[in-house]
1. If you scan the stretch A:232-244, which residues turn out to be buried (at least 24 other Cβ atoms within 10 Å of the Cβ) and facing another protein chain (nearest Cβ under 10 Å)?
2. Tell me, please, whether a residue that is of a type in the set (Val, Ile, Thr) and touching a residue at least 40 places away in the same chain (Cβ under 8 Å) can be found in the stretch A:460-471.
3. Please go through the stretch A:35-65 and give me each residue that is of a type in the set (A, V, I, L, M, F, W, C) and in contact (Cβ under 8 Å) with a residue 60 or more places away in the chain, ordered by number.
4. I'm trying to understand the selection: among the residues of the stretch A:444-498, which are farther than 29 Å from B:Leu391 by Cβ, under 35 Å from the mean Cα position of the chain (by Cα) and not aliphatic (A, V, I, L, M)?
5. If you go through the stretch A:186-225, how many residues are more than 14 Å from chain B (Cβ to nearest Cβ) and more than 17 Å from B:Asp249 (Cβ to Cβ)?
6. When the stretch A:448-500 is examined, which residues are found to be buried (at least 19 other Cβ atoms within 10 Å of the Cβ), in a loop (DSSP other than H, G, I, E, B) and modelled with pLDDT of 95 or more?
7. Suppose the filter is away from every other protein chain (no Cβ under 11 Å) and surrounded by fewer than 23 Cβ atoms within 10 Å (Cβ to Cβ); does A:Gly179 pass it?
8. From the set of residues in the stretch B:182-210 that are surrounded by fewer than 23 Cβ atoms within 10 Å (Cβ to Cβ), aliphatic (A, V, I, L, M) and over 18 Å from A:Arg147 (Cα atoms), which is farthest from the chain's Cα centre (by Cα)?
2 protein chains.
Amino acid sequence: MFAQSAPVKRLPATLPACTVAVAEGDGIGPEITAAVLGILRAADPALAFDYVVVGLKAYEAGAAAGYGPEVMDAITRNGVILKGPITTPQGGGYKSVNVSLRKTLGLYANLRPCAAYHPFVETRHPGMDVVIVRENEEDTYAGIEHRQSDEVYQCLKLITRPGCERIARYAFEYARAHGRRKVTCMTKDNIMKLTDGLFHKVFDEFALQYPDIAAEHMIIDIGTAKMAVQPGRFDVVVTPNLYGDILSDVAAEVAGSIGLAPSSNIGQTCAMFEAVHGSAPDIAGQDIANPSGMLLSAVMMLVHLGRGAPATAIHNAWLRTLEDGLHTADFFREGKSARRVGTRAFAEAVIARLGTRPERLSAVDYPEHEAESLVHPPVAAAPHRVATKQLVGVDVFLNWDQPGRDANALGANLEALAGPQFKLAMITNRGVKVYPQGMPQTLRTDHWRCRFPAMTDGSATPQAIAALLLRLAEAGLDAVKTENLYTFDGVRGYSQAQGE
Amino acid sequence: MFAQSAPVKRLPATLPACTVAVAEGDGIGPEITAAVLGILRAADPALAFDYVVVGLKAYEAGAAAGYGPEVMDAITRNGVILKGPITTPQGGGYKSVNVSLRKTLGLYANLRPCAAYHPFVETRHPGMDVVIVRENEEDTYAGIEHRQSDEVYQCLKLITRPGCERIARYAFEYARAHGRRKVTCMTKDNIMKLTDGLFHKVFDEFALQYPDIAAEHMIIDIGTAKMAVQPGRFDVVVTPNLYGDILSDVAAEVAGSIGLAPSSNIGQTCAMFEAVHGSAPDIAGQDIANPSGMLLSAVMMLVHLGRGAPATAIHNAWLRTLEDGLHTADFFREGKSARRVGTRAFAEAVIARLGTRPERLSAVDYPEHEAESLVHPPVAAAPHRVATKQLVGVDVFLNWDQPGRDANALGANLEALAGPQFKLAMITNRGVKVYPQGMPQTLRTDHWRCRFPAMTDGSATPQAIAALLLRLAEAGLDAVKTENLYTFDGVRGYSQAQGE
């Protein structure tokens, strides 16, 4: 057991003054925030706090988004915010505060370290120490959805080169700055050859610029499965938004410590740090909540700010507190823990151990570095010439529901309407070719993608597309959307249909 | 140990004659197919085989798709195919045979039973017995991708009401037919409210029609995480294509038996049965491959055909063979297995045990039922009236890359071009509002979504959209795609932007 009377204090040398925005949030937020700020004050006296109100209190005070403009000002001014958990009110009109802040502030990287603290926290994977770097803005999470017919709903998955460059660069910079040796990229580019293919390609481009870091790619299905059973084989993983959402929850559960899990959301000009867990209103105000998730998020914040010494002191003191068996109710185990402690007592125990190091768990040693060196990373994207784009046709999507849904009838109709600038190449239904020569087994919804390549080189023009849409409308056909077909430097920029 | 000399044969009564298509596939395919067919012949003498060639041999013989029209004929004629693993040749032009067959035949349900065979196969979750019902045709797997600018690539995620109805009905019918008690639906409908929202909504509609089966919904991120650590809480899980792809690999790994895992692909008129594992060309022809994945797929096929007695006999004999410690190299363990056996010897051991039951593992008892009762399920979708659709505007996506990428400049330009039928409501970049009143932190790619609602009720028409596109083209603006905005029965059929 730790001797309360004799902590060997090795507190950090004086650091420059620095202010961070703080929002305590809802539910257990106020009490865990108080605990965390107490520890921060003890470990890093030069750190000041700029308090803002985010969440239910702000909403009830009239801020429809859950935060007012003063919050954006505070984050922008200070560059970082430490945020408690937020309760999302039920019912319409109120979007997630977290999602709103991420998107509005351009917080493109979501970092989720998932570590095991065996044997003090139960896990089947004692050595696990993985960091998931999740792209945070793109993918189907751009939130662009359209219902296009009675039967068919669509969501756009957008993947962009600058978005991929940001996140790939960040993953490698993070790995290098934190002494990690390997970055694994996970995508489904065997199916989504253009979108996920771009993510993979940009990852490979950056991998060449970091020869000191191993790089590998896995398909997301087997990659997630391996994370579930062999997490020790991973170090840093970078992946698009949706996959990262699933993968990071799997990794946190497997580590056994989702209640302890910290996270950060990194942008070019600011960053937000928060625990992964929610606001737990059922146990709010009882001094029993575990402040560890928010505390480890604060450690990430200090590291991000270049304040390695207090980050090291807090993290090691926290590990020592775990070892000493002072456990909050959520991971207290009779016979294994020494004492069940409340939120405040846990924080006091961590403060008492500042300057000590863990004896069984691995101690951390964060380097001092320039603040925000990760936000403005030094490595540029590979030189990229803007490709020459040529319009070569258009996919027109029809809402068409004639009796029998006979693709041959629709095809004949469209053949007559395509010329002179276009020809009809095919019709698909949910991506499967139904004209010409469809299969009877294919399900026919009321939503038909009709591919019109240019009749001759250069005959596809914006004017020709507008004219085609007019001809379709005059024929009583209901075009609900278009997707132009392009080549880029002569390479086809669109997928072919199954069976094309 | 099993007494070789005294098997108690309780072989099935005579069943009607039946023919199934069989493709042995590539790599280890021929030897495991031979093993499986030997067992089928012994257990179900009334079953005949219609051999077809699929995969590398077909490709090398000139079938570009990896199968010729005679394969489609055989599947259509027989209604089922038992297929060995396929090697996908490297290099362009050759699409996955499995994907092609699934899509062309309309095999909308992918079934993946994931069971633990503790202690004969290592697993951390001995009681696990989960069936994943994965939607097999929709989602981002429709394969509709377009590169739209130098920087931005798009994939369409399509979710349709008939697609959701098929798979929800199938999941509940499957649960009822197989004595299962709960179906869990997993989506991400807190983010994708229209597409995943539809999947969830249709699931809830069908749940009402199966009061004997418990129904629940989970968000896919935490659902996959729970599958990784507490698979025992699940019974049947139904989920869209992409999530199902990831979830089924996680479940198979967690069960410890991905090498034993069978699967089926179910359509309205035919079904395909195959092992989950690949063709393993490195061990082909050595009589060491494990035929269990394909054998359990054949059991699923017999159950599907209503041939419960031979299905029961084979499955129980296989379980008994596991118990007796006769193990192929992939799961042979020194000191725990009794004997390492080859492919042929394993099949012979199963045949010798036909009519016996396992003593420690749970025996199965498949009922006899009408063939294909699952394919034409009795429960209809809830009555559905076609909604009244009204065109209320259009989203036009521009590829725009003027120096500075100033959304206010673009906005001013578009304000002038919108009228008289439309007004400009907003511009977003990757789903985040950048006009009016954007935030400086938002990344601006070269791809801008410009929302034009109708100026007055009824002023949005197909002709007005064509005219708008012409005005944009004449102003030198490059529209790369459109998405019409509709209401359905007066309800908005499109998402709003973050910050709208």
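The values are calculated or read from the model by the stated rules, or taken from the named source; none is laboratory data. This structure is a prediction, so every number in the text was calculated from the model and none was measured. Note: ideal-geometry Cβ built from the backbone for every residue, glycine included; neighbour counts use all protein chains shown.
1. A:Leu242, A:Tyr243, A:Gly244 - these are the residues of the stretch A:232-244 that are buried (at least 24 other Cβ atoms within 10 Å of the Cβ) and facing another protein chain (nearest Cβ under 10 Å).
2. yes
3. A:Ala35, A:Val36, A:Ile39, A:Leu40, A:Ala42, A:Ala43, A:Leu47
4. A:Thr487, A:Phe488, A:Asp489, A:Gly490, A:Arg492, A:Gln496, A:Gln498
5. Residues that pass the stated criteria total 14.
6. A:Ala460, A:Leu477, A:Gly493
7. yes
8. Per the stated criteria, the residue is B:Leu208.
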